[in-house]
Structures are given as C-alpha cells and as structure tokens.
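**Q** Take a look at this one; I'll ask things after.
The values are calculated or read from the model by the stated rules, or taken from the named source; none is laboratory data. Everything numeric in this text was worked out from a predicted model, so none of it was measured. We place every Cβ from the backbone using ideal geometry, glycine too, and count neighbours over all the protein chains shown. Keep in mind that these areas ignore ligands, DNA and RNA; they rest on the heavy atoms of the full protein, side chains included. Shrake-Rupley method; radii C 1.70, N 1.55, O 1.52, S 1.80 Å.
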Amino acid sequence: MSEYLLILISTILVNNFVLVQFLGLCPFMGVSGKLETAMGMSLATTFVLTLSSVCSYLVYTYLLTPFDLAYLKTITFILVIAVMVQFTEMVVRKVSPVLYRVLGIFLPLITTNCAVLGVALLNLKKNNGFVESLFYGFGAAVGFSLVLVLFAAARERINVADVPKPFKGPAIGMVTAGLMSLAFMGFTGLVAN
Amino acid sequence: MNRGLRDFHGGIHPPENKDLSTQVAIETAPIPDKLVLPLQQHVGQQSKALVSEGDYVLKGQLIAAAEGYVSTALHAPTSGVIASIQNASIPHPSGLSGSCIIIESDRKDEWGKRLQPLDYEKVDVSELLKRIREAGIAGLGGAGFPTSVKLNPSAENTIVTLIINAAECEPYITADDMLMRERSEQVIKGIQIIAHMLKPVGCLPVECLIGIEDNKPEAAETLEQTVKQLHLEHEISVVRIPTKYPSGGEKQLIQILTGKEVPNGGIPADVGIVCQNLGTAVAVYKAVALGEPLISRITTLTGRALEHPKNLEVLIGTPIRSLLNHCGLQQIKLNRLIIGGPMMGVTINDLDTPIIKSTNCVLASTSEELPNPTPQQACIRCGMCAEACPASLLPQQLYWYSKTKDFDKALNHNLLDCIECGACTYVCPSHIPLVQYYRFAKGEIRAQEHDHTKSEHAKQRFEARQHRLAEEAAQKEAKRRERSKAAKLRQQKATIPPHNSESESNSEDKAAVIQAALERVKSKKDKTSKLTPEVSNGSAAREEE
Amino acid sequence: MSIVSAILVLLLLAMVFGAVLGFAAIRFRVAEDPIVDQIDNILPQTQCGQCGYPGCRPYAEAIANGDAINKCPPGGESTIQELADLLGREVIPLDAEQGIEEGKTVAYIREAECIGCTKCIQACPVDAILGAAKLMHTIIIDECTGCDLCVDPCPVDCIEMVPLRKTAKNWYWQHPEIEVELNRKELITSDKIAGEADRENAA
Amino acid sequence: MNLLSVSSPHLTRTGGTGDVMLLVILATLPGLTALTYFFGWGNLINVVWATTIAVASEALILKLRGRSLGFYLRDYSAVVTGVLLGLALPPFAPWWLTLVAVSFAIIIAKHLYGGLGNNLFNPAMIGYALVLIAFPVEMTSWIAPRSLASATGEIAPFVDTLNVIFPFHSTTTFDAMTMATPLDAFKHKGDLTAEQVWAAEAVLSAKSWMAWQFVSLGYLIGGAYLLYRKVFTWHAPISMLLTLALISAAFWLYAPNSFASPQLHLLGGATMLAAFFIITDPVTSATSVKGKLIYGGLIGLLIFMIRTWGNYPDAVAFSVLLMNFAAPFIDIYSQPRTYGHKIHK
C-alpha cells in the first residue's frame, strides 16, 4: 500500500510532470487563463491520462508482447490516446456544451499533450504493473491538475496586476512557471526515484 | 435594563466630535426668503406637483402628491407664493439638479387648514397609515424610505419587535441626541403610536427597543425617565449599546439588539422586525396627535468652519446658505461641505442646496479636520479592511475586482451586500478610496442589468415586429393571389383592357405628397434659419453628406 | 509473418476502438447547438445591423460559426468581454469598420419639421416610433435602442440622435482612476498616473 | 465656490503603508541583535549590504518604468525585503551571493509583477531559494557561534568579517570555523540516533543549539510586538507553529531517535523568522481569516515534510513559495460568510 502512496507523492509533487519534468507545458500555458476552464481541462486530462495509461499497459502487455510487437508501442499508444480523447470530447460536448466551447482546441490537443504519451512510455520504462500503471497515470494527472488549477488562480491575479507592458500575458506566465519550478525543487529527495 | 447584547463583525472608532454641537439647545432657524422643495426627497417615485407658478400657498398646504405606492406627499413649509417649478440643486453627490418647487415666503408663516388630530387608540390602523402617508413622512435618518410603506408590512410577516434607531453612530451628528434630550415626550409618544400600529389585532404587543450608543448618557437617561413617567416600562426599553461605528446601520443595530440577521436580499420584516428612526417617530407623533405634516426637522449644523455649531429646527426646503450664515460660517476656512456625516455624507458644491426630509446634518469642515485625500498607494492586501467590515466582506478582494471591472467575481464576493459605511476606507493604510470603487462597480452592474432588461425587451419587440411583418406579408400575398385568381376569372369571362394597378397609382400619390411636404418644410426652414442658424447648420451638414 | 501479425493486431485495435467511438457517437449525440441562444442573450438587441447582419440573432449565429466577436459597436467593450468569456476567445478591440462605441443615445424627432411620412416608423426595428401618416411622429424614449436606423430614411432630416441624459437616478460614481485622469490629479493617484504626472513635471 | 467633492467617507485614519513597513523593520531588531551577538558582525553587514542593493534595484526599476521615486521608495517595502534576506543568509555569505539574491528578489520576483502589492511570491524567499539551489555550499556554511557566557574573542572581529564578505583589498584569508546549523547537523546524521548526533559534536552542537534558540526567541519577541501593534493577525503564524509542533511531536513521540523534536523544529531553524516575518507578508499570503489558517497550517505541514524527508535541511523558503503559489486559489475558496447569507450558499 505504502508503495502506491509513494508513487502518488512522487508523481504529484517530487516528479511533477509539469514543473519538474516539463511535460504538458502547452495546455499548462494555454488553458490556465481562467480558473473554470482550467478545472474543466484538469478533469478531462485526468480522465484521459488515467484511462490511457491503463489501456496502454493492457494493450502492450496482452497484445503487443505476446505477438512480439513491442516496436509498435508508440503508434499503438498514440492510437489509444487519440481514441480516449475523442471519447472524452463526445462526453464533454454532451454534458457541458459551454465547457466544450471553452476548451475549444485544447480538448483535441490532449492528444498531443506529451504528458499523456510520456506517462504511457514511462510506465514501460519503469516496468510498472497494472495497478502501478494506474496509480502512476492517475498521480501524474493529479499533479498536472493541481499545478494547472493553482496556476490558473494565480494567473487570474497576475492578469489584474500592474505588470510592465513587455511582460504582460504569457511572458509573466512563463516567469511564474519558472519560479514555481524553483519552489518545486524543494521536494527533491522526498521520495527516492 | 440588562439585555444580552450581541456584537457585529468589524466596526471602527473614529473621533466623535459630537460635543461641538451639543453645547446649546435646539434653536429655530429663521424663515428664509426662498424655499427649494425637491420633488424627489425619498426613495421611490417622484411626487407630482399640484401647484403652478404664481399660486399662493399656506403653511402645511399640500403642494405635491404621492405618485404610486412608494412615494410621499409634500407640503408647503411656510406661507408664500410659488415662484417657479424648475430644476435646482439637490443634495446629491453628482451635483446634478432635480425638479423642485420654489416658494417665495411672505414671512407671515400663516397656517392653512390643519388636519384633524387623531386619537390613535380609537381609530383604525388603516386610518393612521393614511394619515402618515398624507403627512408626507419619509424616514428622517438618511435613506428616506416612505414611512407608511414600512409600517405596513405584508401579512406573511408577524412583527414581534420594533427597533427605534437612536444609535446615531456617525461622528459629528447630534440631531437625535438633542431631540431625545429636549423632546423626549414626543419621542416616546411617537413610538407608542408606531408600536400600536404594528400590533396585529389580538396579538401580544410588540417588543419595543430604543438602541442608543452609550456615548449619549444624558439622552438615554432622559428617555428612561420619560418612559417611567408615562408608565411604559413594560413596553418600551431603552438599550445602551457600545459605541462603535456603524452600530446605527439598520442591519447592524438589529444584530446587536436581537442577534438576528436580515437575510440576504430581504428586509427586517422578514425576521419580524421593523426599524424606525427616532426622528421619524417624532414626525409620526406630530402627524397623528397634532395633525401637522412633515414640514420641519432637526438638523445638526456643525464643523470647524462654523463659529456657532448647533442643532436647528429648520423648515424643509431651507437653503443651506442661510443656515450656515445663521451659525457664523467662516467662508475662508470652509473646505468641504457635507450633507450627512463624515462617514457616509455627500459633498455638495452649491450653498443653495436645500435641506430635505432626510438631511440630519450639515458639516462645514476645514481642511485641517477633514484633510484632502492623499495619493493612493498600492493595495498590499493587509486585510485591515476585512477586519473593519461590518458585513464580513473581503473589501481587499472586492477592490481588485471592482478596479479591474471583473463584476462577476465582485458579485460572487457579495459586492451588493456592501452597505457603503466607509469603515474599510477609514482604516486603509494605503489610502485607497475603496467605497468609491464599490460605488462605481455597483453602478456599472446596475447599468448593465438595466441594459440587459432593456435588450430583452427590445428583442421581444423586434421579434413581435418581425412576426407582424411576416403575417402582413403573408396576408398581402394571399390577397394578391386571390386578386390574380379573380382577374384570371374575369379575363376568362371577358377581355377588358388593362389599366394601372391600384398600388402603382398609390405610390405615385405618396411621392407627390412627400415632394409637396418637402417644399413646405424647406420654405419653413428658410424662415427659421434666420432665427436659429445652428439648427440649419446641422441639417445642412447632413445634407452635404 | 511478423508483418502479418502486426497488421492483424492493428486491425483488431482499430475495430475495437471504432466500435467504442461509434457507440459513444450514438450515446452522447448532441442535437442542437444551444450556444447561439447564449450569444444572442449577450448581444444588446439594438437590431441596428451595424455588424453587417440583419439583426442580433443572425449575428449570434454567425459568431457561433466562427465570425469575429468585435463587430457590435452598441454593445462595446463589455459585450466583447462577455462573448470572449463565453466562447473562450481572446478579447479583441472593437472593429473600427463597424463603428465606434459611443455613449448611449436615443433618437429625437424635431416635431415642428416632421411631415408625417411614416418612413421612420417602417425603419424602426422595435416599433419605438409613434405616429400615423401626415401626423407628427414621436419617439417612445424607453423603447428606443439608439440604433439610428430611422435617421437615414427621414426625407426632411428631422431626426437626430441625442445622448441619453444623466439624471440623479441613473448617475453613479466613476472609476476613481478615470476621475483622476479627468480632472483631479492632486487628489487620488494610482500607480500609473503618479508616474506619468512625474514625467510630465520632469519634461 | 470651489469646494471639494469626493466620495464618502471623508474621515480616514492617519498613517500609511510605509509606517507598517517601518514597524516590521523595527521588530527585526531583537533577532538581529541575537544573531550579531552569537555569530558576529556578518549578519549586520549583510543586512546593510542587502538593503542597499534592494533600494538601488527598486530605484533602478522605478526609474525605468518612469515612476515617482520618492513616492514609491517611501513605502519601505524594498528595505523590508533587504533586511529579511540579510537576516536569512549565512553570516559569511560573500557579497556577490547577496547581490544575486537581492537583485533577483526585487527585480524578478517583485517588479516583473508590477511592484508592491502585485507580486505573487515573497521576494525575499525567491531570492533565498534561488541562491540555495545555485550555491548550496555557500548557503549551508554557518560559522560556529560563541557561547553565552564566554569572552568576546570567539567571534570574528568586524574588519575580518568585512574582509570575508568583500574580499577585495585583503589577501589575508580569514579562517572562520564553519559548522552546520542544528537542523543541518540533524539532517546529515546518517544512521546515528539523535542522541549520538548531539554526543558526537557535543560542545559545538550545544553552543549552536543555544545560539539558535536565542535567535528564535529574538524573532518571537519581534513578532509578539507586531502582533501587539496589530500589524498582522495571529491566524497564519499560530496556525503554522501549531501544525508544525503537533505533527513533529506526534512523529517524535512515535520514534524519538529518528525524528527531530518539536523543539528543534520550532527553534532550530528559520521557523520563527518565517512565522512572524515571512508568512505574514500580506501581499503573498491568503487574505481571509479562514484562508490564513489554511495557508499557515499547510506551510507548517510542508516544512515538516521537506525537513524530514527532503534533501534540504531547512524548508522555510520552499514551503512559503509553494503556498504563495496556492494562495490565490485558497482565497477564492475561503470567503467568510457575509452578513445575512446562509452558511453555504
């Protein structure tokens, strides 16, 4: 049990995908303008990430390995992710049309969110089992969501701040992400890799 | 009487400066040459003038009637001639004018026909309500809500408590204080009438609480003695509350005295409470027991730009200039002229602005006592404002949202629950005019709401019109088809030479009419252009376009 | 051999996923796009046509189909802001081609000059003009949206747009910083303005 | 007649933001005195040097942005940042270390966001975290303190200290005896038990421990004074200290040999400095009462976590920055109940 907890702490804090491993920066910068949007994106990403990391594991273990097709892993993972995203998009569109509008291009972009593919590949590299993959994907998603939501709230404040003109908008956003990354370095060593 | 008092969140203790104006007894102000009576002295619809220029009116005569339920009547405060009905300065922060009846007094101060005094215990409550409405009473505390409306709560709410607001928590103001000291009997009798009116038939009498800040011990004692003399100890209790601004806010006073909170968006009657100002009680007494309409009130004239600050009994409509002169205004020292107290009052620029029914104080201040605002520094979210806010809001957050016009967030942080008491601005170390930000945001929100309802309305009208046009077109089409069918039939029957269709001749007629009219206007314009060149210039410019 | 199994495996995957998506497409079908109504609610409903569409609803439909959100001068900045919020788009300044945001106006007919031609009545999209043929017309101020569609058709140019009057009832305090810029520099200074004033002094 | 027309209220309390900042600076004096007494002139020199850089950087930016120098410098916020960094950096921190930390703090962490009131992160902590990550060796070498009773000879003379910090003119290398802070010592105890750690370096550790306790006490006194002057409310500091004390006590009672005692947590590092001077910075902390309690509590928790399991011996800077980042989010969800509203709306 404690092993799963460690995986969670590791992926959420210590090896946070966004601020420590610098994966998934595109949606991180793109969808953090408003808190509501960020929350919607977080939910969608969490869903996709968790599911796709599990599915990738299943596909890899029970389909690719038996047929000795490990070299197909990247293309199949992309396929899995694309389907997951498409599925999520349909669900979101039905459940919350406004969120669908608001997420706009970013929803399909989860497909190209490198964190998603990254999680699937890292699972293989780390030889994670089924449950471990599940926790790893979920933890990565929660870490992504946590940072995204906090960042969105912070950006709402920065947007109303008296930022010098050259730094307005994405520039100060990047600076903030950098400083945040600095703060996350404090977690180094919390969990041995 | 010892009651379990509650406290409200926040609050401040600004310097009181009340003893400036309590040194001398209430005086009667001299009758001015000219009285200015705004038609809008209350919350609700503007009153409707009943007199016209040149009419002679007697003191107490009705000169403007209530228009609608939430409105009040207006009476001539003295005898004289109606000089005009025109736009004049009103006590409003914008400095905009409003329509006013102007009376030139004849200095005779001659009473007209008075209303019949009523014995409140013998007549029906509806009779009393009618009398209060006829007497033109609107809250004398500051907001000016028509009293007859407030004393007629809906049947769903059983009133159990009557609160008389005598807290007078604003610095400088002492009008209620002096009223209690000098006319306590009128006060108590007025309260009796109001309590009687609120008591539903067959129910227990309402509990009656007079809330007084403990910085007015004399007034409280006088009231207590009067209560004793009239043997009303069981019905009316005088409650001393700790001095803290804004304990006189209606919601705050209710919280202190009863521990209840007026629900968001509701009124005190929702929790079984009616709250009345002390001055209003006196006005009710005068209207019912003496038959006098509301034509005068006690107003504090104070501030260090006056040599003799004091309380005056003034006629409604008296221009402030004459009162200031009466109290020895030192023109050079005067820096700010405030109607109301230093925390919530409005500044005015025109000394001819009149006293209205809700004017409890005129504060003529020097630049030393109320210094000019200093430059605003950055908000550091220190939270002192949140500690001072009596409504438990987060003024620092509201400031950011108002400043950046993020009205959704401001509403989400309950901007509309702000009572604009000014406690946050008072404590702000960065000297940010917080309340002005909130007033701006509230104004914008209200304007947007107004725009929105208007656009909804416009949409409906547009759609109705589209619908009508479509129907008309359909009808025309149907008629045309019928006609063509008929024509075909006729053609089949006999070959008649075709002639101009009706519509064509019609349009030709129309064009001719327009042409004729155009010429007529042109000739007219040529005439007028000599008189008013700018009008013709305007249209000429348009023609060139 | 391995190439065959690879193709088979990918084929299998594609079929399974295709089935999943097909199921989702039926299960989560979205019938109509309710976004148009929401957009229409934000638009000011002046029906002025300054956006180039024959009314507010058509423009709302155009926006939903991807048209720019900055073509509505009567709505101005606040409408653009709201639209941007709703649609998750960038806030862009008003398109000057469509006109500039002005204060609210209402039409006013100089009644002495009116010839009673009813042309303005026909032009008014919200039936805010009262009158009959050969009789003087007048505007119902409360209904007028200030679209100025009645100005052009008038053959005698007797209609003008006048700004809506500020009264004590609709007046409210201005943004403190705007006020500073306008007239009272010495009273309240915000960050920016303090600096600018300083620079002015230095210059 | 030209009378003033402004929005009410017309009465305001005197005193401004600058006065608040001056009080904060004043309240650092007990802590600074203790530091100087036990660790020599280093921190005093640091404070002066850091303040100079802070004010200069602030002035530079204000000039670049065309803002009024006099008006903004008089809020003394730059001085506060300088003083706090001067206190937090090791006494023998070389001049360039302070320069990097302070100028980064003022220019990047504060003025890129628009200056006082707009910054998201506590500038002093950003500066501190930056140099801590970039120059770990310089940052972890504190000198050995002198003991309470002994003679003055044990601490470095003023001129020598100056030469260590600004090694320009002097070629003499001053050999200061460096040693770890108590927290540092505990961090690198390896497999030793707590008692063994203290026994191994008995003399130094006892002295060091004593010195740090006095420094913490100094900050505590300053904090109490600020609390008394109502510069901030008790919520955030008490919440942080209480959380840290309770959690560390629980772990310490469970395994006294492998976990640091609550005493060490509270008095052994920058805990007191953080509780009363860092997390009470209103700009970067949560703003409502509820928010401050959450904010302080989570900082306490993070400090414990990072100190106990992380790589860095002291965790104040990181914990504060992490919670700075979370503060806007906390603010959104910690509104107090407004008058007349139900508890849950």
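**Q** Is at least one residue of the range B:377-398 at negative phi, modelled with pLDDT under 90 and within 10 Å of chain C (Cβ to nearest Cβ)?
**A** Scanning the range B:377-398 turns up at least one residue that is at negative phi, modelled with pLDDT under 90 and within 10 Å of chain C (Cβ to nearest Cβ).
**Q** Name every residue in the range A:40-50 that is surrounded by fewer than 21 Cβ atoms within 10 Å (Cβ to Cβ) and either without any contact (Cβ under 8 Å) to a residue 24 or more places away in the chain or closer than 11 Å to residue A:84 by Cβ (or both), in order of residue number.
**A** Matches in the range A:40-50: A:47 only.
**Q** Looking at the range C:53-84 only, could you name the residues that are under 26 Å from residue C:124 (Cα atoms), open to solvent by 50 Å² or more (accessible area, probe 1.4 Å), within 11 Å of another protein chain (Cβ to nearest Cβ) and not in a loop (DSSP other than H, G, I, E, B)?
**A** Once the filter is applied, which keeps residues that are under 26 Å from residue C:124 (Cα atoms), open to solvent by 50 Å² or more (accessible area, probe 1.4 Å), within 11 Å of another protein chain (Cβ to nearest Cβ) and not in a loop (DSSP other than H, G, I, E, B), the range C:53-84 yields C:57, C:77, C:78.
**Q** I would also like to ask the following. Restricting the search to the range B:372-393, which residues are under 28 Å from the mean Cα position of the chain (by Cα) and open to solvent by less than 10 Å² (accessible area, probe 1.4 Å)?
**A** Matches in the range B:372-393: B:388, B:390, B:391, B:393.
**Q** Could you tell me how many of the residues in the range B:93-106 are within 14 Å of another protein chain (Cβ to nearest Cβ) and open to solvent by less than 20 Å² (accessible area, probe 1.4 Å)?
**A** 2
**Q** Counting only residues that are over 21 Å from the mean Cα position of the chain (by Cα) and open to solvent by 20 Å² or more (accessible area, probe 1.4 Å), which one in the range B:434-453 is farthest from residue D:16 (Cα to Cα)?
**A** Out of the qualifying residues, it is B:453.
**Q** Follow-up. Would you check which residues across the range B:346-371 are touching a Ser or Thr at 6+ places or on another chain (Cβ under 7 Å), under 22 Å from residue B:17 (Cα atoms) and either at the interface with chain D (Cβ under 9 Å from one of its Cβ atoms) or open to solvent by 10 Å² or more (accessible area, probe 1.4 Å) (or both) and list them?
**A** B:346, B:347, B:360, B:363, listed by residue number.
**Q** Here's a follow-up. Read through the list (1) within 14 Å of the chain's Cα centre (by Cα); (2) exposed (fewer than 13 other Cβ atoms within 10 Å of the Cβ), then give the number of the only condition that residue C:29 fails.
**A** (1)
**Q** In addition: Going through C:152, C:148, C:142 one at a time, which residue ends up being open to solvent by 40 Å² or more (accessible area, probe 1.4 Å), touching a residue at least 60 places away in the same chain (Cβ under 8 Å) and of a type in the set (Asp, Glu)?
**A** Testing whether each residue is open to solvent by 40 Å² or more (accessible area, probe 1.4 Å), touching a residue at least 60 places away in the same chain (Cβ under 8 Å) and of a type in the set (Asp, Glu) leaves just C:148.
**Q** Could you tell me how many of the residues in the range C:32-47 are surrounded by 20 or more Cβ atoms within 10 Å (Cβ to Cβ) and within 11 Å of chain B (Cβ to nearest Cβ)?
**A** Total meeting the criteria: 7.
**Q** Residues that are within 14 Å of chain A (Cβ to nearest Cβ) and either open to solvent by 10 Å² or more (accessible area, probe 1.4 Å) or β-branched (Val, Ile, Thr) (or both): does the range D:265-278 have at least one?
**A** yes
**Q** Across the range B:423-438, what is the total count of residues that are among the β-branched types (Val, Ile, Thr) and in a loop (DSSP other than H, G, I, E, B)?
**A** Residues that pass the stated criteria total 1.
**Q** Quick check: is even one residue across the range A:123-134 open to solvent by less than 10 Å² (accessible area, probe 1.4 Å), closer than 18 Å to residue A:110 by Cβ and polar (S, T, N, Q)?
**A** Among the residues of the range A:123-134, at least one is open to solvent by less than 10 Å² (accessible area, probe 1.4 Å), closer than 18 Å to residue A:110 by Cβ and polar (S, T, N, Q), which makes the answer yes.
**Q** I'm checking my understanding of the structure. Among residues of the range B:63-85 that are modelled with pLDDT of 90 or more and open to solvent by 50 Å² or more (accessible area, probe 1.4 Å), which one is nearest to residue B:106 (Cα to Cα)?
**A** Ranking the qualifying residues of the range B:63-85, first place goes to B:81.
**Q** Among the residues of the range D:8-27, is there at least one that is away from every other protein chain (no Cβ under 12 Å), open to solvent by 10 Å² or more (accessible area, probe 1.4 Å), more than 22 Å from residue A:163 (Cα to Cα) and not charged (D, E, K, R)?
**A** Yes: the range D:8-27 contains one or more residues that are away from every other protein chain (no Cβ under 12 Å), open to solvent by 10 Å² or more (accessible area, probe 1.4 Å), more than 22 Å from residue A:163 (Cα to Cα) and not charged (D, E, K, R).
**Q** For residue C:50, only one of the following conditions fails: (1) out of contact with any Pro (no Cβ under 6 Å at 6 or more places or on another chain); (2) more than 13 Å from chain B (Cβ to nearest Cβ); (3) assigned to a loop (DSSP other than H, G, I, E, B). What is its number?
**A** Failing condition for residue C:50: (1).
Every residue, every condition in (1) modelled with pLDDT of 85 or more; (2) more than 8 Å from every other protein chain (Cβ to nearest Cβ); (3) open to solvent by less than 10 Å² (accessible area, probe 1.4 Å), yes or no:
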{"residue": "D:295", "(1), (2), (3)": "yes, yes, yes"}
{"residue": "D:299", "(1), (2), (3)": "yes, yes, yes"}
{"residue": "D:306", "(1), (2), (3)": "yes, no, yes"}
{"residue": "D:312", "(1), (2), (3)": "no, no, no"}
{"residue": "D:332", "(1), (2), (3)": "yes, no, no"}
{"residue": "D:344", "(1), (2), (3)": "no, yes, no"}
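**Q** Which one of these is farther than 24 Å from residue B:406 by Cβ and within 12 Å of another protein chain (Cβ to nearest Cβ): C:139, C:129?
**A** The unique qualifying residue is C:129.
**Q** Answer yes or no as to whether residue B:90 is within 14 Å of chain C (Cβ to nearest Cβ), under 26 Å from residue B:56 (Cα atoms) and under 14 Å from the mean Cα position of the chain (by Cα).
**A** Yes.
**Q** From the list D:55, D:79, D:48, pick out the single residue that is surrounded by fewer than 24 Cβ atoms within 10 Å (Cβ to Cβ) and closer than 22 Å to residue D:157 by Cβ.
**A** That would be D:48, the only listed residue that is surrounded by fewer than 24 Cβ atoms within 10 Å (Cβ to Cβ) and closer than 22 Å to residue D:157 by Cβ.
**Q** Residue by residue through the range C:153-167, note down the ones that are part of a loop (DSSP other than H, G, I, E, B) and at pLDDT 85 or above.
**A** Selection gives C:153, C:154, C:155, C:156, C:157, C:158.
**Q** Applying the selection to the range A:138-188, what residues are in contact (Cβ under 8 Å) with a residue 40 or more places away in the chain, open to solvent by 10 Å² or more (accessible area, probe 1.4 Å) and facing chain D (nearest Cβ under 7 Å)?
**A** Hits for the range A:138-188 are A:149, A:156, A:185, A:188.
**Q** Quick one: count up the residues across the range B:394-415 that are over 15 Å from residue B:432 (Cβ atoms), open to solvent by 40 Å² or more (accessible area, probe 1.4 Å) and outside any helix (DSSP H, G or I).
**A** Residues flagged as over 15 Å from residue B:432 (Cβ atoms), open to solvent by 40 Å² or more (accessible area, probe 1.4 Å) and outside any helix (DSSP H, G or I) within the range B:394-415 amount to 2.
**Q** A further question follows. Would you mention how many residues in the range D:81-113 are more than 14 Å from chain A (Cβ to nearest Cβ) and not in a helix (DSSP H, G or I)?
**A** 6
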